[in-house]
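One structure is given here, and the rest of the page talks about it.
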Amino acid sequence: MPKGTTHKNWELFRTLVRVRYSPNHGTANSMSGHPSKILADFAAALRFEDIPASVLRRAEDLFLDWFGSALAGKGARPVEAIERFAVAMGPAIGESEVLISRRRTTPLFAAMVNAASSHFAEQDDVHNGAVFHPGTVVFPPVLAVAQAIGSSGPELLTAAVVGYEVGIRVGEFLGRPHYQVFHTTGTAGTIAAAAAVGCLLNLSAEQMLDAFGSAGTQSAGLWEFLRDAADSKQLHTAKAAADGLLSAYLAKEGFTGAKHILEGPQGMAAGMSRDADPAKLTDRLGERWALVETSFKYHASCRHTHPAADALQIAMAQNELKPEAIAHVTAHVHQAAIDVLGPALNPATVHQAKFSMGTVLGMIALFGCAGMREFAEHFNDPRVAAFREKCLMALDPEVDLAYPKRWIGKVTVETADGRTLHGRVDEPKGDPGNTLTRSELEQKALRLAEFSRAATPEEMNRIFMQIWNLTRITEIKSFLIVEPSDAIAQPPFIALRSRQPA
């Protein structure tokens, strides 16, 4: 479906998806259809005016949340290593902003560094059903390309929505067995980045499908790094963002890619999954907005630790428990939590500690929160280590059955005086039903920027103003790099439309 899609044709497109790829249709549960093409058609066809206002507002929230996480990576050793690589290999001039260093370069290298940076703090967003972090692979290439080609705020938001909708569905399609070995943010994320950048570049449906093919053949990311406290997680997002961007730009130049990269007999599902369901690739496209299902991360740790952390907070508050009164904690979890968190038994680094259930629960019990500062100052604190020894994870049938659609938190706490207490949370803090307000998102971003010293409160307030005004921006400019002419812009650093777009 070409870029000139009308509202009438958009409705016809949505009807086609409903009929051909509904759960009751014959092609929904077989590889014989062409869901890759339908998904590419959607990515090429979506227009700003087709997106509900509530989805756009949520996209703005997610952009701010990503921005704070990107700033939080400043000074982190693996992130700075990738930035030094970008300085050595990439141009020193360009329109795209590297947020942690406030320098400019080409979109490829800016996207690479910003993606690595935004995945370090472990506070970037997550889609529960896909077990996928969309923001860290969608917003870096979208921002970098938008700055390079002079896109508007509405164009940036539309591209972000495309990236989220495509990436989440690919993550859902690849399924739970995929996640046991592969880091879905690195694999599905490459397709998400290609779709988002392809939208900004106005790719045709055929070109978008080519971009998917090139992105899928580069998809990668393995969990083995957790056993060694290695730096690979930042490389996964850096490469997903950069390779997705590369794929979209190559497609614009006529470079072809596999047409059935997702569902083909030697495609991603064949090599990376055991239960891939093609119907999930086209699930209610244009009707179900998966972006609004995305959760914000409240704690600075792996999302698999959050439900139990919230449940422990509830148990301690309800029973007025002090940490020294706790003899033992059992976190009742889904299997994926055991798979991902199990290797981090005795964390050797701050980042590995964020994947240690016992460490996170120790932070909650001792300090009441598990934020960036708590991890930096206390991850190897003897009190935390002692509490970690009191904790274990146990597979819980109810929790595992609900996962990944719902991430239930359950803990059993045994006290020193012989009591057995319980804590439970059905929607952890940050989930859509227990979300963060815009004020809470601003406060979170301020804390992240303050921790890394990447931006002052005054600069952050200007960034808030820009993001909350995205639908009125005619050209995306810098957020942190100040130009002489920026001083007279109203509000700072942005040009405004005279009225809201339709």
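Numerical summary
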item: LYS239 within 24 Å of ALA148 (Cα to Cα), out of contact with any Cys (no Cβ under 7 Å at 6 or more places or on another chain) and not in a loop (DSSP other than H, G, I, E, B); result: yes
item: Subset of the range 447-457 (residues that are crowded, with 16+ Cβ neighbours inside 10 Å and either touching a residue at least 24 places away in the same chain (Cβ under 8 Å) or assigned to a loop (DSSP other than H, G, I, E, B) (or both)); result: ARG447, LEU448, ALA449, PHE451, SER452, ALA454, ALA455
item: Residue among PHE355, PHE375, PHE367, PHE387 that is touching a helix residue (DSSP H, G or I) at 6+ places or on another chain (Cβ under 7 Å) and open to solvent by 30 Å² or more (accessible area, probe 1.4 Å); result: PHE367
item: Tabulated pairs, the range 141-167, first within 15 Å of GLN466 (Cβ to Cβ) and part of a loop (DSSP other than H, G, I, E, B), second modelled with pLDDT of 95 or more and of a type in the set (D, E, K, R), C-beta under 8 angstrom, 6+ apart or interchain; result: SER151/GLU475; SER152/GLU475
item: Count of the range 200-235 residues which are over 19 Å from ALA121 (Cα atoms) and among the small types (Gly, Ala, Ser); result: 9
item: Some residue of the range 39-48 being within 17 Å of THR471 (Cβ to Cβ) and either open to solvent by 10 Å² or more (accessible area, probe 1.4 Å) or part of a helix (DSSP H, G or I) (or both); result: yes
item: Positions within the range 56-113 being without any contact (Cβ under 8 Å) to a residue 24 or more places away in the chain, of a type in the set (Val, Ile, Thr) and touching a helix residue (DSSP H, G or I) at 6+ places or on another chain (Cβ under 9 Å), in sequence order; result: VAL87, VAL98, THR105
item: From the options ARG57, ARG84, residue that is on the phi < 0 side of the Ramachandran plot, open to solvent by 30 Å² or more (accessible area, probe 1.4 Å) and under 19 Å from the mean Cα position of the chain (by Cα); result: ARG57
item: Only one of ALA279, ALA270 that is assigned to a helix (DSSP H, G or I), without any contact (Cβ under 8 Å) to a residue 40 or more places away in the chain and closer than 18 Å to ARG176 by Cα; result: ALA270
item: Which listed residue is under 23 Å from the mean Cα position of the chain (by Cα), assigned to a helix (DSSP H, G or I) and over 28 Å from GLY213 (Cα atoms), from LEU108, LEU71; result: LEU71
item: Sole exception among (1) charged (D, E, K, R); (2) part of a helix (DSSP H, G or I); (3) touching a Pro at 6+ places or on another chain (Cβ under 9 Å) for ASP124, by number; result: (2)
item: Test: residue in the range 400-407 that is open to solvent by less than 50 Å² (accessible area, probe 1.4 Å) and within 15 Å of GLY358 (Cα to Cα); result: no
item: Selection from the range 347-395 of residues that are of a type in the set (D, E, K, R) and under 16 Å from ALA327 (Cβ atoms); result: ARG383, ARG388, GLU389, LYS390
item: Qualifying residue in the range 301-309 (condition: open to solvent by 60 Å² or more (accessible area, probe 1.4 Å), at pLDDT 95 or above and either closer than 25 Å to LEU201 by Cα or out of contact with any Cys (no Cβ under 6 Å at 6 or more places or on another chain) (or both)); result: no
item: Filter pass, GLU206 being at pLDDT 95 or above, surrounded by fewer than 24 Cβ atoms within 10 Å (Cβ to Cβ), of a type in the set (D, E, K, R) and assigned to a helix (DSSP H, G or I); result: yes
item: ASP65 part of a helix (DSSP H, G or I), at pLDDT 95 or above and either touching a strand residue (DSSP E or B) at 6+ places or on another chain (Cβ under 7 Å) or within 28 Å of GLY257 (Cβ to Cβ) (or both); result: no
item: Single residue of GLY286, GLY271 found to be modelled with pLDDT under 95 and of a type outside the set (A, V, I, L, M); result: GLY286
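Condition check ((1) of a type in the set (Gly, Ala, Ser); (2) in contact with a Ser or Thr (Cβ under 7 Å, 6 or more places away or on another chain); (3) surrounded by fewer than 24 Cβ atoms within 10 Å (Cβ to Cβ)) across all residues:
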position	(1), (2), (3)
GLY68	yes, no, no
VAL79	no, yes, no
MET112	no, no, no
ASN128	no, yes, yes
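For every residue, the table says whether it meets (1) hydrophobic (A, V, I, L, M, F, W, C); (2) in contact (Cβ under 8 Å) with a residue 12 or more places away in the chain; (3) open to solvent by less than 10 Å² (accessible area, probe 1.4 Å); (4) touching a Gly at 6+ places or on another chain (Cβ under 9 Å).
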residue	(1), (2), (3), (4)
PRO382	no, no, no, no
ALA416	yes, yes, no, no
ARG424	no, yes, no, yes
GLY430	no, yes, yes, no
GLY433	no, no, no, no
ARG438	no, yes, no, no
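The values are calculated or read from the model by the stated rules, or taken from the named source; none is laboratory data. Quantities reported herein were computed from a predicted structural model and do not represent experimental measurements. Please note: Cβ atoms are built from the backbone with ideal geometry, for glycine as well, and neighbour counts cover all protein chains shown. Side chains are part of the model used for accessible areas, which takes the heavy atoms of the whole protein and leaves out ligands, DNA and RNA. Shrake-Rupley method; radii C 1.70, N 1.55, O 1.52, S 1.80 Å.
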